[in-house]
Amino acid sequence: MYDWIAKLTSDEHKLARIERMLRIIPLWVLHAVCTFISFVGYVALRNSLVKRVEHNIADLLDGMPKGAIRAISKIYMENVVFTLVEILFLSTRLLKLQTPNFDVQGEEHLQAAQSRSDGKGFIVYTPHIGNFFYYYWYLTRKYDCLTVASAGSPELRPLYYKFAALGCKGLDYDSVPPLEMYRTLKKHLQNGGVVFLLGDFWRSSFPLSRFFGRLTRTPEGAAMLAHDLRIPIVPFYGHRTRGFNHRLIFGSPLYLQAEFRGHDARAEANLVLNGFMERAIREQPGSWFYWFNVHERWEENSVTNADQTTSSEVG
C-alpha cells in the first residue's frame, strides 16, 4: 500500500501541476475517473493487495460470505482512491465542499463533552475509517485541535503537509519523544483544547491489549489522558456515503475515569475503546484503512499478566 501511495506522492511539483489542472474539472467528472481507477486497481492488484485485503477480512469478520468479502474489498479500493484524490487534489476546495458534502450527526455530543469538562477540553477518539484527514479538518474549524500522526515515512509526508497548510496542527509520533508528546497533549487539554486521537495505530512498544478478540498492542494515550485529567472521550467515526460525500458520526461522551479505577484502569478503559473501534469497523468494513496489513499486528504467543506492563507511549 505504501509503495502505491509513494508513486503518487514522490514528485511534489508534478502533484502541484495536477492540482491546478483539476481545479476546473467538475466533481462529477472526477467521481467517474476515480471509480474507473479503483476498478482498474482492483483488477490489476487482484493477486497481491486485494488478495491480502480479502484474506484479512475473512479472517477477522468470521463467517462472512465470499461475495460480501469481494464487495467490501471493492469498496475498500474505492475509498483509498477517492481519499487520495481528495487529500492531494481537492483539499483546497474543502471550504466549498464542507456544507453540501458533509452530513454531520451527533454534534451535540461535542457540546455536551465541552460543557462537562470543567474548563478543560476533551478527546475525540476514532479509528482510521473513511477520510480521517477531512474529519480532523472539520473539527479544526470549530475547536482548537491537536492530533498525533505518523508522518515519518516519505510516502505519507506530502499528505500531512497538505493539511498542515490548512491549519491542522499535529505532533509526529515518530519524531516527538513520548514524554514530551504526553506533556504537550496534556497542556493542550488543560487549556480547553480538543485532542483528536486515532486509536488503531500499532507499534511493538505499545501495551498489550485485545482487538477483534486477538492479542495485540494498542496505544493507551487516550485512556491515560482521560484518567489523569478526568475528561470525557467522544467516540467518533466517519465514512464515505457516495463519491465525495461523507457522514460524520459523533457518539455520546465516555467518562471512563469514573468507571475504571485501580492498577488496571487504563488497560480496562482501553478495551472499551478498542471495542468501540471494532464496532465501527464492522459497521463500515470497506472504509477501514488497515485491512492491507492488519495481519502483522497479532501477537503469536500467549503472555502472562506480568507481561502486560503499562507504557508511557501515546498514540
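The values are calculated or read from the model by the stated rules, or taken from the named source; none is laboratory data. This structure is a prediction, so every number in the text was calculated from the model and none was measured. All Cβ positions, even for glycine, are placed from backbone atoms using ideal geometry, and neighbour counts span all protein chains on display. With ligands, DNA and RNA removed, areas are computed over all heavy atoms of the protein, side chains included. Shrake-Rupley method; radii C 1.70, N 1.55, O 1.52, S 1.80 Å.
Would you confirm whether any residue within region 19-38 is acidic (Asp, Glu), closer than 24 Å to residue 282 by Cα and open to solvent by less than 80 Å² (accessible area, probe 1.4 Å)? Please lay out each step first, then the result.
Looking only at region 19-38, we keep the residues that are acidic (Asp, Glu), and these are 19.
This time we only want the ones that are closer than 24 Å to residue 282 by Cα, so: none.
Taking every residue of region 19-38 in turn, none turns out to be acidic (Asp, Glu), closer than 24 Å to residue 282 by Cα and open to solvent by less than 80 Å² (accessible area, probe 1.4 Å).
Taking the conditions exactly as written (part of a helix (DSSP H, G or I) and at pLDDT 95 or above), does residue 72 satisfy them or not? Judged against the criteria, residue 72 is a match. One residue stands out in region 113-126 among those that are modelled with pLDDT under 95 and open to solvent by 40 Å² or more (accessible area, probe 1.4 Å): the one that is nearest to residue 287 (Cα to Cα), namely 114. Restricted to region 105-198, the set of strands (runs of 3 or more DSSP E) holding at least 1 residues that are touching a residue at least 60 places away in the same chain (Cβ under 8 Å) and over 23 Å from residue 240 (Cα atoms) comprises 122-126, 194-198. Identify all residues within region 92-140 that are charged (D, E, K, R) and closer than 16 Å to residue 164 by Cα; write none if there are none. Across region 92-140, the qualifying residue is only 93.
Considered as a group, the residues in region 165-202 that are modelled with pLDDT under 90 and open to solvent by 60 Å² or more (accessible area, probe 1.4 Å) include one that is nearest to the chain's Cα centre (by Cα), and that residue is 174.
Determine, yes or no, whether residue 209 is open to solvent by 50 Å² or more (accessible area, probe 1.4 Å), among the hydroxyl-bearing types (Ser, Thr, Tyr) and under 23 Å from residue 264 (Cα atoms). Explain how you work it out, then say what you get.
Details: open to solvent by 50 Å² or more (accessible area, probe 1.4 Å): no; among the hydroxyl-bearing types (Ser, Thr, Tyr): yes; under 23 Å from residue 264 (Cα atoms): yes.
Spelling it out, it is not the case that residue 209 is open to solvent by 50 Å² or more (accessible area, probe 1.4 Å), among the hydroxyl-bearing types (Ser, Thr, Tyr) and under 23 Å from residue 264 (Cα atoms).
Considered as a group, the residues in region 127-161 that are at pLDDT below 90 and either crowded, with 21+ Cβ neighbours inside 10 Å or of a type in the set (A, V, I, L, M) (or both) include one that is nearest to residue 281 (Cα to Cα), and that residue is 149. State which residue pairs qualify: first residue farther than 18 Å from residue 244 by Cα and inside region 19-47, second residue at pLDDT 95 or above and open to solvent by 80 Å² or more (accessible area, probe 1.4 Å) in any location, beta carbons under 9 Å apart, and separation of 6 or more residues or different chains. The qualifying pairs are 42/74; 45/51.
When region 226-245 is examined, which residues are found to be open to solvent by 10 Å² or more (accessible area, probe 1.4 Å) and either closer than 23 Å to residue 260 by Cβ or aromatic (Phe, Trp, Tyr) (or both)? Listed by number, the residues that qualify are 227, 228, 229, 230, 235, 237, 244.
Show me the strands (runs of 3 or more DSSP E) entirely contained within region 212-252 in which 3 or more residues are touching a Leu at 6+ places or on another chain (Cβ under 8 Å). Even if it seems obvious, please write down each step before you answer.
Values: elements: 214-217, 233-242, 245-250.
Per the criteria, 214-217, 233-242.
Please enumerate the residues belonging to region 213-225 that are in contact with a Lys or Arg (Cβ under 9 Å, 6 or more places away or on another chain) and either open to solvent by 20 Å² or more (accessible area, probe 1.4 Å) or not hydroxyl-bearing (Ser, Thr, Tyr) (or both).
Of the residues in region 213-225, the ones in contact with a Lys or Arg (Cβ under 9 Å, 6 or more places away or on another chain) are 214, 216-220, 223-225.
214, 217, 219, 220, 223, 224, 225, listed by residue number.
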